[in-house]
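Heads up: the structure comes next, in structure tokens.
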Amino acid sequence: MTKRSDIDLLRGQSPRNPSRDIWNVAVDEYAQGFLKRRNLLKYAALLGLTGFAASQGLFTSGAARAAGAGGGTVRVGLGQPTKAIDPVTVTDPASIGVISQVGEYLILDDPKDGLQPKLALSWEADETAKRWTFKLRPGVKFHDGRAVTAKDVVATFERLVDPSTGSGALSAYKGILSKGGAKLVDDETVAFDLDQPNSNFPFYVSSDVFNAVILPADYAGDFEKNFIGTGPFKFESFRPKQGASFVRNADYWGDKALPDRVEIKFFDDEQAQVLALQAGQLDVIPSTTRLELAIEGNPNFKLLSVQASSHDEVHLRTDQAPFTDKRVRRALALTIDREAVVKGLLKGRAIVGNDTPFAPIFPSADPSVPQRKQDIEEAKRLLGEAGVPNGFEVTLTTERAYDIPDYAVLIQNFAKKAGIDIKLNVLPQDAYYGSATFGSSPWLDSNLGITDFGHRGTPDIFLNATLKSSGAWNAAHFNSPDYDALLVDYGKARDLQAQRVAAGKIQTLLLDETPLIIGYFSQYSRIVSSKVEGVRFTAISHLLLDKVSFV
């Protein structure tokens, strides 16, 4: 039972700005047992109550010193970067893993503890949630010795929202932050004037937008020359197509890294990675279901996992036959046995999805919305009602990556039960994404497709980029004024209760319209040698190695 004095203490932390609405409702939910204390403290961090959250132990897990011996070299295997490594344009997991050795964000979205202050010490919104102000950590230096100031932060975000830079973050910021939106207040203060109110904006300047690494104001796009950043490791060497190495940053603003070095090797083949791990040549590699089978039961290795909002999204072109009829879209969704996919294909390391981006791990998700389940008879009824009682033929186009080809085969087999004949067109990743623009991308142009989406700490980016009428990732070509209006309401919501109400309306609308099928939300994993402790990572591919020790 929660003590009254505890509640009074928590209420006393209410910020003196309109964020108190969110905080006080969160405290109410905590008092009623609907919100766990750790989730409550995550909301404290979202509101910028970083001092209070730290006093309650929220920011201690990432800073804990490892029990083993410091020093030594952490050896990491990663895939091949898909292009030159540049925080502004990066999109692939290998490059994110490299950049996270040297680059830092205003905020880290930790998979366990939520938002943690890094280069920003605190943040708060005005009464509209349209202006957010961030106080920067003093005394931080780039690896070349220059002090980090608000000028660098403003330049970083102006670069990211500028279409001429090739920024990989444009799709995340579209409709949220535009050029001129980041403003210098003083040397240690930055303000963001948003295109529209957004109560979750701190996530947009966190590691969730992996391009948002803080770089010098005069950054010229030559990252591979010196890998300049503010992080716990700094550049030692880089060999394109081969690997990179980094050494401890003795001038780091926080706790100094435990390992002396990090050595990263790039691999063209995942099987080669696991062989190198088994031979004792590597300490950490990415994980896939196939690689996990190779180390299963072997005490020399361990599998580390975090639950994520990562998902493989099936899009249905709402503007092309046969999916112009929402009954046909719902019928296909009803053929899928989600529980079987999670237990079989994903070995239980996932949670069932409900055809919306609202993963159960998001506190704003409305759990009262009914879960869609396999119902072949209802699928057949809907097909008959839509005028295709004998089913139809359609091609599913997707990427040859991760478990997606196997998932495509399962969807093909499920659909047959309702008379839907799916032909598979599995492409190499580069070919599938093409130019990633409408008209020249199988991803965005195909009638039916499956695309992998990495983790985010809030559903906002998914909701905007994949479903908004003007969304840059709207492969379903979904165009719903009702949805767009609900999205604005969700962004304006000032407390958990209001967010859930808005989320419930979005979830209900998407179940009715079914522009997407989201059957599961995956865990994100790494395979690690049993000889190392302290390996941390985010579900969006950041690899945090500063607390690693050897046992």
Out of the stretch 410-430, which residues are in contact with a strand residue (DSSP E or B) (Cβ under 7 Å, 6 or more places away or on another chain) and part of a helix (DSSP H, G or I)? 411, 412, 415, 429
Tally, over the stretch 384-396, of residues that are crowded, with 16+ Cβ neighbours inside 10 Å and within 13 Å of residue 421 (Cα to Cα): 5
Sort out which residues of the stretch 190-218 are in contact with a helix residue (DSSP H, G or I) (Cβ under 6 Å, 6 or more places away or on another chain) and part of a strand (DSSP E or B), and write them in order of number. 190
Give the stretch 360-372 a look and list any residue that's modelled with pLDDT under 95 and either open to solvent by less than 30 Å² (accessible area, probe 1.4 Å) or among the hydrophobic types (A, V, I, L, M, F, W, C) (or both), or say none. 361, 362, 364, 365
Go through the stretch 376-409 and give me each residue that's touching a residue at least 40 places away in the same chain (Cβ under 8 Å) and part of a helix (DSSP H, G or I). 376, 378, 379, 380, 382, 383, 385, 404, 406, 407, 408
Determine whether the stretch 455-470 contains at least one residue that is on the phi < 0 side of the Ramachandran plot, outside any helix (DSSP H, G or I), open to solvent by less than 10 Å² (accessible area, probe 1.4 Å) and modelled with pLDDT under 95. yes
Report yes if residue 178 is surrounded by fewer than 21 Cβ atoms within 10 Å (Cβ to Cβ), modelled with pLDDT of 95 or more and polar (S, T, N, Q), otherwise no. yes
Any residue that is open to solvent by 20 Å² or more (accessible area, probe 1.4 Å), over 23 Å from the mean Cα position of the chain (by Cα) and at positive phi - is there at least one of those in the stretch 399-407? no
Exactly one of 536, 500, 526 is basic (Lys, Arg), open to solvent by less than 10 Å² (accessible area, probe 1.4 Å) and either in contact with a strand residue (DSSP E or B) (Cβ under 7 Å, 6 or more places away or on another chain) or modelled with pLDDT under 95 (or both), and that residue is 526
Can you pull out the strands (runs of 3 or more DSSP E) entirely within the stretch 277-320 that have at least 1 residues that are open to solvent by less than 10 Å² (accessible area, probe 1.4 Å) and of a type in the set (Asp, Glu)? 311-316
Tally up the residues in the stretch 410-439 that are touching a residue at least 12 places away in the same chain (Cβ under 8 Å) and either on the phi > 0 side of the Ramachandran plot or not aliphatic (A, V, I, L, M) (or both), please. 12
Can you tell me which residue in the stretch 306-333 is farthest from residue 517 (Cα to Cα), limited to those that are polar (S, T, N, Q) and in contact (Cβ under 8 Å) with a residue 60 or more places away in the chain? 307
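Any residue that is surrounded by fewer than 19 Cβ atoms within 10 Å (Cβ to Cβ) and of a type outside the set (A, V, I, L, M, F, W, C) - is there at least one of those in the stretch 96-112?
Of the residues in the stretch 96-112, the ones surrounded by fewer than 19 Cβ atoms within 10 Å (Cβ to Cβ) are 112.
The next check asks that each one be of a type outside the set (A, V, I, L, M, F, W, C); those that pass are 112.
Yes, the stretch 96-112 has at least one match.
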Of all residues being open to solvent by less than 10 Å² (accessible area, probe 1.4 Å) and in a loop (DSSP other than H, G, I, E, B) in the stretch 120-141, which is farthest from residue 213 (Cα to Cα)? Just the residue, please. 129
Looking at 510, 486, can you tell me which residue is outside any strand (DSSP E or B), among the hydrophobic types (A, V, I, L, M, F, W, C) and free of Cβ contacts under 8 Å to residues at least 24 places away in the same chain? 486
Only one of 277, 293 is out of contact with any strand residue (DSSP E or B) (no Cβ under 6 Å at 6 or more places or on another chain) and more than 16 Å from residue 518 (Cβ to Cβ), namely 293
Can you pull out every residue in the stretch 49-84 that is crowded, with 21+ Cβ neighbours inside 10 Å, part of a loop (DSSP other than H, G, I, E, B) and at pLDDT 90 or above? 81
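Yes/no per residue for (1) in contact with a Pro (Cβ under 9 Å, 6 or more places away or on another chain); (2) at pLDDT below 95:
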position	(1), (2)
188	yes, no
192	no, no
196	no, yes
203	no, yes
215	yes, no
218	no, no
229	yes, no
234	no, no
237	no, no
Conditions (1) under 24 Å from residue 433 (Cβ atoms); (2) open to solvent by less than 40 Å² (accessible area, probe 1.4 Å); (3) in contact with a strand residue (DSSP E or B) (Cβ under 8 Å, 6 or more places away or on another chain); number of the one not met by residue 204: (3)
Residue 299: passes all of (1) out of contact with any Lys or Arg (no Cβ under 7 Å at 6 or more places or on another chain); (2) modelled with pLDDT of 95 or more but (2)
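Being open to solvent by 10 Å² or more (accessible area, probe 1.4 Å), farther than 19 Å from residue 92 by Cα and β-branched (Val, Ile, Thr) is true for just one of 262, 274, 247. Which residue is that? Can you show your working first?
Values: 262 fails: open to solvent by 10 Å² or more (accessible area, probe 1.4 Å); 274 fails: open to solvent by 10 Å² or more (accessible area, probe 1.4 Å).
Answer to the selection: 247.
The values are calculated or read from the model by the stated rules, or taken from the named source; none is laboratory data. What you see is a predicted model; the values in this text were computed from it and never measured. Glycine gets a Cβ as well: all are built from the backbone with ideal geometry, and neighbour counts include every protein chain shown. For accessibility, only protein heavy atoms count, side chains too; no ligands or nucleic acids. Shrake-Rupley method; radii C 1.70, N 1.55, O 1.52, S 1.80 Å.
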